[in-house]
1. Is any helix in the chain, taking whole DSSP H runs, at least 18 angstrom long along its axis by alpha carbon and on average at least 1.0 on the Kyte-Doolittle scale, and which ones?
2. So for the stretch 22-61, what percent of the C-alpha to C-alpha distances run longer than 15 Å?
3. Measure out, as a whole number of angstrom, how far apart the alpha-carbon centroids of the stretch 57-115 and the stretch 30-48 sit.
4. Below 13 angstrom from the Cβ of residue 107, what's the summed charge of the other residues (Lys, Arg +1; Asp, Glu -1)?
5. Calculate how many DSSP beta bridges within the chain are antiparallel, expressed in % of all such bridges and rounded to the nearest 5.
6. In square nanometres and to one decimal, what's the mean projected area of the convex hull around the Cα atoms of the stretch 45-124?
Amino acid sequence: MTAKRVTPNQRRALRTRSKIKTAAIRNGRARLSVYRSNNHISAQIIDDAKHVTLASASTIDKDLKGKLKGKTGNADAAGQVGKLLAERAKKAGVKDVIFDRGRYVYHGRVKALADAAREGGLEF
């Protein structure tokens, strides 16, 4: 039997996520989790106590396809995703969240998404 190796990126994501999950459950807040690839960015708001996704947004969404005009891997697209996520979170009744950047540095597209979500009304 071979042991499964954990890459440094996975280790960093697990370390960040475990600390944020415990803080989110203690404070009764949802977690805003970000996933970034080379071409797209997506985010979702998760209630860890109930194990339910409350709201999500991505550059692949139908609502954003027309607005992005083919450019989905830049900070402008991440900002659009953040605004859409904030709107959907308001509809779901979520205002306070804890930001989970995962393994990504808080810079560039991740920061643009977070700033747009704050402008949209989310507090973190």
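1. Values: long enough: 8-27 (29 Å, -1.32); 75-92 (25 Å, -0.27).
Taking the DSSP H segments of the chain (at least 18 Å long, mean hydropathy at least 1.0), we get none.
2. 43
3. About 8 Å separates the Cα centre of the stretch 57-115 from the one of the stretch 30-48.
4. Spelling it out: positives minus negatives among the neighbours equals +4.
5. Working: 12 of 17 bridges.
In the chain, approximately 70 percent of DSSP beta bridges are antiparallel ones.
6. Values: hull surface 21.2 nm².
Result: 5.3 nm².
No lab work stands behind these numbers, since they all come straight from the coordinates. Here the structure is a predicted model, which means the values were calculated and not measured. Backbone-built Cβ (ideal geometry, glycine too); neighbour counts: all protein chains shown.
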